[in-house]
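Coordinate-derived values only; no laboratory data. Keep in mind it's a predicted model, so treat the numbers as computed, not measured. No Cβ is skipped: glycine too gets one built from the backbone with ideal geometry, and neighbour counts run over all protein chains shown.
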Amino acid sequence: MNAPVRTTVADPPATPAARAGVLPPLPPTRVGMDPAEALRSAVAALAANKMRAILTALGIFIGVAAVIATVAVGAGAREAVMRQIQSLGSNLLLVVPGSANVGGVRLGAGGRQNLTWDDVRAIERDIPAVEVAAGSIRATQQVVAGNQNWSTLVQGVDPEYFAAHDWTVAEGRFFTPEEANGGRKVILLGATVAENLFGEENPVGREIRVRATPFEVIGVLARKGQSPVGTDQDDAVMMPFWTARRSVMGASRAWFRAVNVISVKVHEGEDLKEVEDALRALFRQRHRVAANEADSVQIRNLAEIAATRDASARTLSTLLAAVAAVSLLVGGIGVMNIMLVSVTERTREIGLRLAIGARRRDILWQFLLEAVMLALLGGAAGVAGGIGVSHLMAGAAGWPVLVQWDAVALAVAVSGFTGLFFGFWPARRAARLDPIQALRSE
């Protein structure tokens, strides 16, 4: 009986490394995480604890909303101030009488009647930087139209007054120099007066009475709104200076040529401060003021008033911005605290990922991405909230809404950086966990 034939398969020839007793290295096992996977993991982690994520993002929401509302409202307030100043007239100086000292009692501005029509003409003649100077007198009177009446400010002005204050007409026309010099009984109504006396009707050509004197309405002034001190500039009527002096605001012969205020418009590009100095020198000379005496007039620079109001608005904006920065800091600390809690809760998950080959930087980026997403969600909600709050505040104050989109972009970027900064330590702590100890954790 033939014996079975045994066949053997020869071993492959040994490599030099095998003959030397050195085993070849295993191919690397690496469980990496691409950005899309990291994003999905971060979204899933946040969705698993929705309420906690919302409460954590609340601090970022408040900070970003405060920043946007602060910048928008501050810019709107400054714009409102500048509109009020421009409504009075550009490059405008106001000259008012100085204070008087009667028996040791010092009266306020306007306490002495020392401005005259001749002073108005001297300003235009002697100061080349002045474009136009206009005198005016004023008094509160009752005006009557038919069966309607209204108490308002009656001003006697010359035609240059409208140019000095950049005033235009909405209906009708201004009075002419001939009408002004001839003392014609013509009048222009402010928008508020026209509404209260005539409603929706066009008052041009109608007749009104001021102190029983009839006047023909020749125009309605364009609306100006509130002045910087809060008075309604449209609640006024204007008539020629000499008409007002003779028919409405009579005075003795000594004060017949007196004016209450001189409006001085300066040529564009001229230095208002230099013109102020020239005006003071002119009045000290004309009023024969001694060197050791105070000025006989006061000069009000509306640009300085605007600068003061603007500085106040900026100070308020800075204060609110500091509050917003504190809110962002508190929100960032909240993000860091919640991320530390998340690391503790997910210790076994982290250990498992590390054990099967995940890189530490994958763990770092995953937790950093969660922190940044949390902060950006709060920032995006804060943008919407800040714009809404700025509209509400501006509407209540009557200011324009000026949302600064560069501030919006900056606020969102800062919220993302806040998540990155405050999320780094928890993420680093997660990445540095020992896999064995992490798997053993309860």
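Structure notes:
- Residue order, fewest to most surrounding Cβ atoms within 10 angstrom, among Asp232, Asp434, Asp119: Asp434, Asp232, Asp119
- The alpha-carbon of Lys265 sits under 20 angstrom from the alpha-carbons of these lysines, leaving out residues fewer than 8 places away in its chain: Lys224, Lys273.
- Backbone amide hydrogens, once placed in the peptide plane, bring Gln404 within less than 5 Å of Ala72, excluding anything fewer than 5 places away on its chain.
- Distance from region 127-185 to region 344-398 (C-alpha centre basis), Å: 63 Å
- Taking a ≥ b ≥ c as the square roots of the eigenvalues of the Cα gyration tensor, region 113-295 is classed as prolate, since a/c reaches at least 1.5 and a/b is larger than b/c.
- For Lys185, a cut-off of 20 angstrom between C-alpha atoms picks up no lysines at all, skipping any fewer than 8 places away in its own chain.
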